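Q: Right, I'll just put the structure down here and ask away after.
The values are calculated or read from the model by the stated rules, or taken from the named source; none is laboratory data. Since the model is a prediction, treat every value here as computed from it, not as a measurement. Quick reminder, even Gly has a Cβ in these numbers, built from the backbone with ideal geometry, and neighbours come from all protein chains shown.
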Amino acid sequence: MTRKNKPLSCRNAGADVRRLFLAAAVAVLLAVAQAGAVDAPGPRVFPDPPTAALLDAGRWSEALDRLIPAFQQPDADPGLQRLIALCYKHIGGAELRKNRPQAAIDAFDQGLRFATRDPDLYLGLGSAYLMASEYGAAETALEDAIALRPDDPAAHRRLGQLYYLTDDAESAVYHWQQVIDIGGPDPALASRLEKLRRQLSESRNLDTVADHQFSVRFDGGENPRLRQIVLEILGDAVFNIGQQLNIWPNRRIGVMLLTRTAFFDITGSPGWAAGIYEGQIKAPVAGYRPDLLAKILHHEYVHAVLFDFLSDRCPWWLNEGLAQYFSPDPDGNRQKREIAQRILENGDRPSLKDLPRRLTADPQAAIAAYSLALSATTHLIDAFDLFSLQTLLEGLRNGMSPEAALNDAIGYSLTAFEAEWIARVLRASR
């Protein structure tokens, strides 16, 4: 039964969300591979030999070119519907693997025209809608999947993620617990559940203020004006980043302002983190200083809105670079660009795609990685323009690889862009 109801700034924990997504995506694809068993009810269908050969070879689109005209014949075997749905199921799964959610939505939706009670098609459709950040449509499709197959841990996992992203922690707990109850031990998810239950317990001691874009939990006793301060900061972030990048949130984003002890207990973040986005925004804020709040909330909001626009398809260096670039911290950003300059002058020339490997418990290593990401992103915007950046983000949204999207937006390979960025930084230092 489905239930409804000046520290470093900062860390993006999209990897946790990504692990949940990949686990569910794998479940979708495994279900696709076993689709014949799912569609088994009814007499077995025997397509003509050329069509059978295409199906055996996994040439799904070509098989459809034969199956659909055959099904449209007056004396067609009704069982051909199951084979047509099977082809669309495979096509949708392939589009999910390519990070092309709209194409996957189209394929799964077409499949459902021929197999209206196939839970795998609803699971695939819900996964694709969730990848596209179309949360309402994703919820409907995933609920349909569970109604048809209540004991499907993959559908419960996806629906739990959706509820976590849309700030319904209690429903997220319910569905993630279903994953474990149905599918057996899952240490990673069990750890996440434990943290989420601690978050729920902590939330009961906090005040809440909400509008159509944010639900903010905080200790109102610390500062009576905090309600207005927080909403003004977040409103400015939505407007400023929306105006410059033309991307906007698709959901009400959960925000928690916590004591340092509660923050590190709930998130498990390294000691250098001043905030985190991992489906929701969380920050340890002592004293609720407005200037510090503005830096942290702008930074983490960028991660949140990029996730809504791209899911997990934004490379780390650009994700963190943009979060710093649009944070109202000119002095801190200048210092980080100077750190990046010194690193490059000393002959350390890491590839941007390798920067996440530098994130360790050592705060200096983390500062170096964030500084290089900011420096490269600043070069991207200064040397080209915001329109090129928007083109890059659109390419990522449409399923292009980061390297291909960069080349399409600015005409540079990643290697050439890195060389131009480093050369420009070094010229400025002379």
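Q: So which residues in region 382-401 are buried (at least 17 other Cβ atoms within 10 Å of the Cβ) and hydrophobic (A, V, I, L, M, F, W, C), if there are any at all?
A: If the condition is that a residue be buried (at least 17 other Cβ atoms within 10 Å of the Cβ) and hydrophobic (A, V, I, L, M, F, W, C), then Phe384, Leu389, Leu392, Leu393, Leu396, Met400 are the ones that fit.
Q: If you take the residues in region 245-271 that are surrounded by fewer than 18 Cβ atoms within 10 Å (Cβ to Cβ) and of a type in the set (Gly, Ala, Ser), which one is modelled with the lowest pLDDT?
A: Selected residue: Gly271.
Q: Are there any pairs, at least 6 apart or on different chains, whose C-beta atoms fall under 8 Å, with the first in region 346-368 and under 18 Å from Leu322 (Cα atoms) and among the β-branched types (Val, Ile, Thr) and the second buried (at least 16 other Cβ atoms within 10 Å of the Cβ) and at pLDDT below 90, and if so, which?
A: Listed by first residue and then by second, the contacts come to Ile367/Leu8; Ile367/Trp272.
Q: Related question: Which one of Thr415, Thr378 is exposed (fewer than 14 other Cβ atoms within 10 Å of the Cβ) and not assigned by TED's automatic domain parsing to the domain that holds Ala273?
A: Thr415
Q: Considering region 272-285 alone, what residues qualify as being modelled with pLDDT of 85 or more and over 17 Å from Leu196 (Cα atoms)?
A: Listed by number, the residues that qualify are Ala273, Ala274.
Q: Since Ser311 meets every condition but one in (1) in contact with a helix residue (DSSP H, G or I) (Cβ under 8 Å, 6 or more places away or on another chain); (2) surrounded by fewer than 23 Cβ atoms within 10 Å (Cβ to Cβ); (3) at pLDDT below 95; (4) farther than 19 Å from Arg252 by Cβ, which condition does it not meet?
A: With (1) in contact with a helix residue (DSSP H, G or I) (Cβ under 8 Å, 6 or more places away or on another chain); (2) surrounded by fewer than 23 Cβ atoms within 10 Å (Cβ to Cβ); (3) at pLDDT below 95; (4) farther than 19 Å from Arg252 by Cβ applied to Ser311, the lone miss is (4).
Here's the yes/no breakdown for (1) among the small types (Gly, Ala, Ser); (2) farther than 18 Å from Phe263 by Cα; (3) modelled with pLDDT of 90 or more; (4) not in a loop (DSSP other than H, G, I, E, B):
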residue: Ala138; (1), (2), (3), (4): yes, yes, yes, yes
residue: Arg157; (1), (2), (3), (4): no, yes, yes, yes
residue: Asp167; (1), (2), (3), (4): no, no, yes, no
residue: Tyr174; (1), (2), (3), (4): no, yes, yes, yes
residue: Gln199; (1), (2), (3), (4): no, no, yes, yes
residue: Leu231; (1), (2), (3), (4): no, yes, no, yes
residue: Asn240; (1), (2), (3), (4): no, yes, yes, yes
residue: Gln243; (1), (2), (3), (4): no, yes, yes, yes
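Q: I'm trying to understand the selection: among the residues of region 100-113, which are of a type outside the set (Lys, Arg), surrounded by fewer than 20 Cβ atoms within 10 Å (Cβ to Cβ) and either out of contact with any helix residue (DSSP H, G or I) (no Cβ under 7 Å at 6 or more places or on another chain) or closer than 14 Å to Trp60 by Cβ (or both)?
A: Gln102, Ala103, Asp106, Gln110
Q: If only one of Glu143, Glu170 is of a type in the set (Asp, Glu), within 24 Å of Gln102 (Cβ to Cβ) and touching a helix residue (DSSP H, G or I) at 6+ places or on another chain (Cβ under 8 Å), which one is it?
A: After ruling out the rest, the residue left standing is Glu143.
Q: Conditions first: (1) at pLDDT below 80; (2) surrounded by fewer than 20 Cβ atoms within 10 Å (Cβ to Cβ); (3) hydroxyl-bearing (Ser, Thr, Tyr). Ser61 passes all but one, so which condition is the exception?
A: Status for Ser61: all satisfied but (1).
Q: Within the group Gly126, Gly136, which residue is surrounded by fewer than 24 Cβ atoms within 10 Å (Cβ to Cβ) and small (Gly, Ala, Ser)? Steps first, please.
A: Details: Gly126 fails: surrounded by fewer than 24 Cβ atoms within 10 Å (Cβ to Cβ).
Gly136 is the lone residue from the list that is surrounded by fewer than 24 Cβ atoms within 10 Å (Cβ to Cβ) and small (Gly, Ala, Ser).
Q: Does region 329-341 include one or more residues that are surrounded by 22 or more Cβ atoms within 10 Å (Cβ to Cβ), of a type in the set (A, V, I, L, M) and within 18 Å of the chain's Cα centre (by Cα)?
A: No: zero hits.
Q: Follow-up question, since we're still on this one. Can you pull out the residues in region 285-308 that are crowded, with 22+ Cβ neighbours inside 10 Å and of a type outside the set (A, V, I, L, M, F, W, C)?
A: Lys295, His298, His299, Glu300, Tyr301, His303
Q: So in region 245-274, with the set limited to residues that are among the polar types (S, T, N, Q) and in a loop (DSSP other than H, G, I, E, B), which one is nearest to the chain's Cα centre (by Cα)? Even if it seems obvious, please write down each step before you answer.
A: Start the filter on region 245-274 by keeping residues that are among the polar types (S, T, N, Q), which leaves 246, 250, 259, 261, 267, 269.
Narrowing further to those that are in a loop (DSSP other than H, G, I, E, B): 246, 250, 259, 269.
Values: Asn246: 18, Asn250: 12, Thr259: 26, Ser269: 19 Å.
Ranking the candidates gives Asn250 first.
Q: Pick out the one residue from Arg197, Arg217 that is within 30 Å of Gln178 (Cβ to Cβ) and in contact with a helix residue (DSSP H, G or I) (Cβ under 6 Å, 6 or more places away or on another chain).
A: Going through Arg197, Arg217 in turn, the sole match is Arg217.
Q: Any idea how many residues of region 146-167 are more than 26 Å from Lys195 (Cα to Cα) and touching a helix residue (DSSP H, G or I) at 6+ places or on another chain (Cβ under 6 Å)?
A: Here is the first cut: in region 146-167, the ones more than 26 Å from Lys195 (Cα to Cα) are 147-149.
Retained after the next criterion (residues that are touching a helix residue (DSSP H, G or I) at 6+ places or on another chain (Cβ under 6 Å)): 148-149.
Here the count works out to 2.
Q: Do we have Ser413 as within 26 Å of the chain's Cα centre (by Cα) and among the hydroxyl-bearing types (Ser, Thr, Tyr) here?
A: When the stated conditions are applied, Ser413 passes them.
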